[in-house]
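Notes for the one structure printed next.
The values are calculated or read from the model by the stated rules, or taken from the named source; none is laboratory data. Not measured: the values here are computed from a predicted model. Here the Cβ positions follow ideal geometry from the backbone for every residue, glycine too, while neighbour counts run over all protein chains shown.
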Amino acid sequence: MEPHELVPVPVPPSTASAPAGPTTLRVRSRGDIAAFVPLALGFVPRRSVVLVSVGGSGGGMHARVDLPHDPDDVDDVVEALLRPARRNGVRQVVVVVYDDDTTVADEAAWSVHEEFTAAGIDVREVLRVHDDHWYAVLPGAPLAAYRGTPFTLAEHPFTAQAVYEGRVTHASREALRETLAPDAPAVGRSLPHLAGATPLPAGGLRALVRRHLGAATTFTAPELASVAATVRTGERRDEAWVWLDRTEARGAVELWSDAVRRLPSSHVAGPAAVLAFAAWLAGDGALSWCAVDRCRESEPAHSLAGLVAQLLESATPPDSWATLQPGLGVSGDPAA
């Protein structure tokens, strides 16, 4: 079933808010839905079932799950979407299926519609998207909508607004994942400092991170080596993330993304796990999953990565951090 993204976001009535930036995007047509989904996820989906919650009360989320090749596996997709939707009190959704296999796509679309309706969740719209066309699925649309309506994502006003606000929509999930790939020259510059690096003193990591967030700067090579040595244990790693709030999350994503790109696999697990948490807190579930993956490539059982994965899989809203944070005590990391 992986990779999948379950990303809770507040969605006002009849609108859908992009994961970053202040602008509210008002969806008025099926074409608007098709244009909004890549902006919400941060990349253009392939072979996916995407769910976006709409409506008033009960919180909200958007989610993406890989579309299976076998129609017999569609039930797993439905369950992966329905479970967090129920947990978050979602009442209304739109569904978009991405695939060039009409049989599997239609099976998924109608299965989601049937099971969500049976669960008391109103499915407002279902679309299938393929080859720069969107196709209506539910009855009641004009005949032409079932034959396919072309749209150009790059020319849609939503995309123009996103570009204006500096938000990037990647061509695929793989392209998003590549933004966390090692930068070979930068890794090479880090290596001499990593050998024999010592952890920062107690309180030092928190102070260093706060300073860089305040100045919108990145770790120097010697600082990065000490940071990598410090975050190897859960108790010390807590200094990097337990105190963060949502106003600082986007800056933390930038800081730790840079760190992850500059570190070899032998030192990347801790920084990647911290990045995964910061990305979840910023509402960027797709990037958070990519960071979890980067961490687990080096340490499959990493405790903080596991904690973030649980937050993502359960579609725990980032807004809930204000409630969860005080209960963490001295250490929020299960390994501490």
Near pairs, Cβ below 8 angstrom, 6+ apart or cross-chain, from segment 92-105 (in contact (Cβ under 8 Å) with a residue 60 or more places away in the chain) to any residue that is assigned to a helix (DSSP H, G or I) and of a type in the set (A, V, I, L, M, F, W, C): Val94/Ile33; Val96/Ile33; Val96/Ala34; Val96/Val37
Near pairs, Cβ below 6 angstrom, 6+ apart or cross-chain, from segment 248-274 (among the acidic types (Asp, Glu)) to any residue that is in a helix (DSSP H, G or I) and surrounded by fewer than 23 Cβ atoms within 10 Å (Cβ to Cβ): Glu248/Leu213
Residue that is farthest from Pro68 (Cα to Cα), among those in segment 87-106 that are surrounded by fewer than 21 Cβ atoms within 10 Å (Cβ to Cβ) and of a type in the set (D, E, K, R): Arg91
Search result, residues across segment 249-258 that are in contact with a helix residue (DSSP H, G or I) (Cβ under 7 Å, 6 or more places away or on another chain), farther than 14 Å from Leu208 by Cβ and not hydrophobic (A, V, I, L, M, F, W, C): Ser257
Among residues of segment 282-293, those that are in a helix (DSSP H, G or I), crowded, with 24+ Cβ neighbours inside 10 Å and out of contact with any Gly (no Cβ under 8 Å at 6 or more places or on another chain), counted: 6
Counted residues, segment 253-281 - those being among the small types (Gly, Ala, Ser), surrounded by 23 or more Cβ atoms within 10 Å (Cβ to Cβ) and more than 12 Å from the chain's Cα centre (by Cα): 5
Checklist (1) within 22 Å of the chain's Cα centre (by Cα); (2) assigned to a helix (DSSP H, G or I); (3) under 30 Å from Val44 (Cβ atoms); (4) not hydrophobic (A, V, I, L, M, F, W, C) applied to Asp238, failing item: (3)
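From the residues in segment 294-326 that are under 19 Å from Thr233 (Cα atoms) and under 13 Å from the mean Cα position of the chain (by Cα), which one is surrounded by the fewest Cβ atoms within 10 Å (Cβ to Cβ)?
Within segment 294-326, the subset under 19 Å from Thr233 (Cα atoms) is 294-309.
Okay, now just the ones that are also under 13 Å from the mean Cα position of the chain (by Cα), so 308-309.
On the way: Val308: 28, Ala309: 21.
In this case the residue turns out to be Ala309.
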Residue check for Gly60: closer than 25 Å to Arg246 by Cα, modelled with pLDDT under 70, surrounded by fewer than 14 Cβ atoms within 10 Å (Cβ to Cβ) and of a type outside the set (S, T, N, Q): no
Filtered residue count, segment 169-208, keeping only those that are touching a Phe, Trp or Tyr at 6+ places or on another chain (Cβ under 6 Å) and among the hydrophobic types (A, V, I, L, M, F, W, C): 1
Selection from segment 193-235 of residues that are under 15 Å from Leu263 (Cβ atoms), more than 26 Å from the chain's Cα centre (by Cα), of a type in the set (S, T, N, Q) and not in a helix (DSSP H, G or I): Thr220
Residues (closer than 15 Å to Ser265 by Cα and small (Gly, Ala, Ser)) located in segment 286-300: Ala291, Ser298
Restricting segment 188-206 to residues that are loosely packed, with under 12 Cβ neighbours inside 10 Å and among the aliphatic types (A, V, I, L, M), the residue that is modelled with the highest pLDDT: Ala202
Scan of segment 294-313 for residues that are out of contact with any helix residue (DSSP H, G or I) (no Cβ under 6 Å at 6 or more places or on another chain) and either outside any helix (DSSP H, G or I) or among the hydrophobic types (A, V, I, L, M, F, W, C) (or both), ordered by number: Pro300, Ala301, Leu307
